[in-house]
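To keep things clear, I will list the structure first and then write my remarks on it.
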Amino acid sequence: MLNYFIKRVLAAIPTLLCVLLFLFSLIYLLPGDPASVMLGPRATPAMVEALNKSLGLDQPVYVRLGHYIWAILHGDLGESVWSGRSVSSLIMSALPYTIVLTLSSMGLAAFLGIILGVLAAINGKTIVDHLVTVLSLIAVSVPDFVAACLLLLIFAVRFRFFPVIGGGKEGNIVDQIHHLILPVIALSLGWLGYIARLVRDTTLEVLDMDYIKVIRSFGAPNRYIAYKYALKNAIIPVVATIGLGVGKLLGGAVFVELIFNRPGIGKVITDAVFARDLPVVQGGVLVAALLFILANLAADLSYAYFDPRIRYE
């Protein structure tokens with residue numbers, strides 16, 4: 001398992017390096033002078049010169065690249081052009097909101113998806129199976145931002161069961177959970193439907209295997225067989241899907257955070273894009289990419305843990 005872990009970590013390093021090079025090159029992809037673009041048309045030559053000096057744009061590219069990678073390795077993501085705050089502090093203050101939203105959404109999707117998938121499998125070709133199939137297809141077909149808008153209009157604006165915007169008062173767990181419910185539902189719907197379909201199909205395949213037929217011949221009920229024996233093998237592909245889903249949910253969380261005006265890394269990046277605050281954009285995208293890589297690494301390790309054939313191969 002240790003050798004497999006080392007191989008997966010080494011395989012993730014080139015991806016991270018590519019992300020670093022892309023983020024570094026962003027400043028050169030801007031049309032015109034980067035400092036003038038960030039400061040806007042009213043910037044004076046003195047302001048442009050000062051920003052170029054603070055960002056190191058007056059130095060050769062190879063020197064800037066070396067300083068950029070060295071700073072990243074030491075946890076220094078730079079400073080915001082407008083607020084003067086460190087990018088690290090801006091991201092770390094918003095990151096817990098995004099992590100809680102992402103993990104809660106995937107947890108809800110996995111919990112309900114596994115239950116509905118197994119329920120559909122043990123009731124194959126019945127009204128229960130057809131109903132779960134239709135609902136899962138609908139859930140997969142609805143984009144995150146559309147679900148967020150509908151939930152906001154119905155349950156927050158029309159019936160006022162939930163607050164419209166915000167992340168809740170700091171230190172008030174109950175209020176924060178109240179603000180979290182609608183965003184979690186909106187973000188989890190698509191993955192709930194996908195996991196339900198995946199669990200149903202894999203469970204049906206396992207239930208058709210010979211060892212399950214032997215267990216069934218002893219008179220064990222189908223529901224007991226599904227949850228006690230079949231689910232252990234059927235859950236293996238779901239583990240990899242959950243890991244991949246956590247990484248993708250980080251991207252989908254951007255739209256949900258904007259719609260519900262929740263604090264989070266997605267909102268920080270979006271605000272920085274509109275404000276042309278390039279250091280914050282670079283730092284935010286780097287952290288999001290790192291979280292995505294870590295989520296996929298955790299999925300690979302979990303997959304190898306549940307299925308030893310993977311690490312043996």
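With a simple spin-label model that places each label point 7 Å from the Cα along the Cα-to-Cβ direction, the separation between Leu290 and Val157 comes to 3.8 nm. When only alpha carbons are used to place a centre, segment 137-168 and segment 203-247 end up 34 Å from one another. Taking amide H atoms as placed 1.01 Å from N in the peptide plane, the amide H of Glu79 lies under 5 Å from those of Val87, each 5 or more residues away in sequence or on another chain. In the assembled protein chains, Trp191 presents an accessible area of approximately 50 Å² (probe radius 1.4 Å).
Each helix, a run of at least 4 DSSP H residues, gives -39500 (n - 2.57); summed and divided by the residues of the chain, these come to -25500 deg cm²/dmol at 222 nm.
Toward the positive end of the charge dipole of segment 93-231, with +1 on the Cβ of Lys and Arg and -1 on the Cβ of Asp and Glu, the farthest Cα among Ala196, Ser105, Pro143 is that of Ala196. In a Gaussian network model over the chain where Cα atoms closer than 10 Å are linked, find which of Ile215, Ile195, Ile293 has the largest mean-square fluctuation. Top of the fluctuation ranking is Ile215.
In plain terms, the chain from Val273 to His74 could stretch by 69.2 nm, reckoned as 0.36 nm per residue minus the Cα-Cα distance. Relative to the longest principal axis of the chain, what angle (0 to 90°, nearest 10) does the C-alpha long axis of helix 173-207 take? In the chain, helix 173-207 runs at an angle near 50 degrees to the longest axis. Total lysine pairs in the chain at Cα distances under 26 Å, for residues eight or more apart or on different chains: 9.
Normalising by the residue count of the chain, find the relative contact order in percent from Cα pairs under 8 Å and 6+ residues apart. Computed over the chain, the figure is 26 percent. Full extension of the chain segment joining Val128 with Tyr227 gains 33.9 nm, where the gain is 0.36 nm per residue of separation less the Cα-Cα distance. Mind checking which of Val268, Ala220, Ser36 is farthest towards the positive end of the chain's charge dipole, using Cβ charges of +1 (Lys, Arg) and -1 (Asp, Glu) about the Cα centre? With unit charges placed on the Cβ atoms, the residue in question is Ala220. Among Ser25, Ser93, the order of accessible area from largest down is Ser93, Ser25, computed with a 1.4 Å probe on protein heavy atoms.
The values are calculated or read from the model by the stated rules, or taken from the named source; none is laboratory data. Keep in mind that this is a model prediction, so the values were computed, not measured. Reconstructed Cβ throughout: ideal geometry from the backbone, glycine too, with neighbour counts over all protein chains shown. To get the accessible areas, we keep the full protein, side chains included, count just its heavy atoms, and leave off ligands, DNA and RNA. Shrake-Rupley method; radii C 1.70, N 1.55, O 1.52, S 1.80 Å.
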